[in-house]
Structure formats: structure tokens, C-alpha cells
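Have a look at the structure below, then the notes.
The values are calculated or read from the model by the stated rules, or taken from the named source; none is laboratory data. Computed from a prediction, not measured in an experiment: that's the story for all the values here. For neighbour counting, all protein chains shown are included, and Cβ atoms are generated from backbone atoms with ideal geometry for every residue, glycine included. Quick note on the areas: whole protein, heavy atoms, side chains included, nothing else; ligands and nucleic acids left out. Shrake-Rupley method; radii C 1.70, N 1.55, O 1.52, S 1.80 Å.
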Amino acid sequence: MKLFEQIFATFYRIWFYIIIAFATILLFPFLLISILKSSWYPFFFKVARVWSIIIIYGIGCYPVIKRDVKYQKGRSYMFVANHTSMTDIMLMFYTAKNPFVFVGKKELAKIPLFGYIYKHTCILVDRGNTKSRVEAFRRAEKRLNEGLSVCIFPEGGVPDDLSILLDEFKDGAFRLSIEHKIPIAPMTFHDNKKRFPYSFFKGGPGKMRVRVHNLFETENLEMTDRKELKNATREVILNELLKPTV
């Protein structure tokens, strides 16, 4: 049985990349046009949501979203969630309808076609390079000033130890949120680690549950409050992850 599961997971992983390639090639002309001007980013975001829907359903998954809050059209947010899978990117696009810009690791820019779009639309950061982190912070500020939202996975990447349920959070998202007085909008992704983990011989289709939590407002917070804000946000996500599977 275990051998069968490993074989299935291998073919499933190959199919995942085929679907990504198909969706990217299919929408590439629209994606390419949408990145020609910075002001066209909202159009890119709509195309990216279609791209994500094709991939999510193409690999046999279906989102199940429970919302504690409804995001306001035209308002900027700092979207944060736990990070365990490449599918986190697609599910975030699917769940949040307010146009946002990802802050993500620069390594993904090496992927053919996808990487070209990725590096022209996302804020790339080398988390081991202080200069890169500072530059990413400045670019995120610029995007917020343009009225967009930002998405950061505050764990700073997927933990090397896959047994870790939720790693410690970095400060960046919470510093930006307080400085620009935008709310933290936390989400919990329950199933992405099961659907498409970073373990090669695991994975498979099924539901992708999302809990959209209430906002953490920041209008009355100072920079000295960022640690408390960070810990409170992490606690909300962790408590959701610890709930019994249903």
C-alpha cells in the first residue's frame, strides 16, 4: 500500500507541474500584457486568480472557505498565512479578492515562464541577505502607497523540519502593517501540506480548507507593539491548526 501511495504521489506531482505549465502557457499573453505597466497590476491580479483556479481544480482540489470577516473593496490589507506548500500561492490568490502583491523568495524566479511573470509582479527577497530584505521592505511600502495590499508568509519560508506545525514568525509583515496603519488579515490553510507537501512521495487531491480570521487593526498601534501583534496573529493561526480534523 505504501509503495502504491508513493507511485501515485509521484505521478500526482508530475501532473501538478503539467497543469502549472498548461495554465501559464494558456494565459501567458494576458499575463504578459498585464505586466507592461505598473498601473495595470489589478488586471494582472484578475488573470492570476484565473490561473490559480485552473491549477487548483486541475489537480483535483476544491477550496472550502469559512470567513469570519468580509474584506472591503478598495481597502489595503496585510495578508498572512501559514506556509507549507507551493499551493499556498494559488490558494491565497483564490481566497483574497483584493489585489495584493506577494513578497516571496527569489529562487522561484528561475522557473521557466512562471519565473518571468513572478519576478515582474512579486517583491523578491533573499532572506539571508540584509540588503535584499531592506530593499524588499521599501518596494512593499511603495506598493502599499499605490493602494494595493501585500501578502507575506511570516514564517519566512517552509520549515526544513516538516514536522513543525507552525514556525516562529518574522517581524516584516507586522512592521509594515503598523507603519502604514493597515490591518493584519490572517488566514489558516489547513490541508495544503497534505495536498502538495515538500515531501516528494506524498500528496493527493481533496479539499483545501481555509479559515479567514477576523482582522487585527493597527490604527492605534505603535512600532513597539509589533511583537505583541505578531504573537497574537501566530496564536490565532496556531489554535486553528490545532483544532481536530473534520
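Table for the structure above
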{"quantity": "Under the span-like rule (Cα at least 30 Å along the axis, Kyte-Doolittle mean at least -1.0), DSSP H helices of the chain", "calculated": "2-34"}
{"quantity": "HN-Hα J in Hz across region 186-195 - Karplus 6.51, -1.76, 1.60, θ = phi - 60°, x for Gly and Pro", "calculated": "x, 9, 10, 9, 7, 10, 4, 5, 7, 5"}
{"quantity": "Peptides 172-181, 79-88 ordered by average Cβ neighbours within 10 Å, highest first", "calculated": "79-88, 172-181"}
{"quantity": "Environment charge at Cys61 (Cβ cut-off 12 Å; Lys +1, Arg +1, Asp -1, Glu -1)", "calculated": "+3"}
{"quantity": "Cα-centred dipole magnitude for region 26-99, charges only on beta-carbon of K, R (+1) and D, E (-1), debye, nearest 20", "calculated": "340"}
{"quantity": "Listed residues Met223, Met90, Met78, most fluctuating in the chain (Gaussian network, C-alpha, under 10 Å)", "calculated": "Met223"}
{"quantity": "Net charge of Cβ neighbours under 13 Å - reference Ile7; Lys, Arg +1; Asp, Glu -1", "calculated": "+2"}
{"quantity": "Neighbourhood net charge (13 Å Cβ-Cβ; Lys/Arg +1, Asp/Glu -1) for Glu219", "calculated": "-2"}
{"quantity": "Kirkwood-based Rg to Rh ratio, region 32-144, C-alpha trace", "calculated": "0.95"}
{"quantity": "With every protein chain in place, region 29-84: carbon and sulfur % of accessible area (1.4 Å)", "calculated": "65"}
{"quantity": "Heavy-atom accessible surface of region 93-243: percent carbon and sulfur, 1.4 Å", "calculated": "51"}
{"quantity": "Theoretical gain in end-to-end length, Lys227 to Arg138 [0.36 nm per residue, Cα-Cα removed]", "calculated": "30.0 nm"}
{"quantity": "Amide hydrogen neighbours beyond the local backbone of Gly156, cut-off 5 Å, H modeled", "calculated": "Lys170"}
{"quantity": "The chain, helix-only ellipticity at 222 nm - DSSP H runs n ≥ 4, -39,500 (n - 2.57), divided by all residues, nearest 500", "calculated": "-14500 deg cm²/dmol"}
{"quantity": "Value of relative contact order over the chain, rounded to a whole percent, pairs C-alpha under 8 Å and six or more apart", "calculated": "26"}
{"quantity": "The chain: antiparallel DSSP beta bridges as a percent of all, rounded to 5", "calculated": "15"}
{"quantity": "Per residue accessible area of the chain, 1.4 Å probe, in Å²", "calculated": "52"}
{"quantity": "Sequence-distant residues sharing a close amide H with Ser149 (under 5 Å, placed H)", "calculated": "Tyr77, Phe100, Val101"}
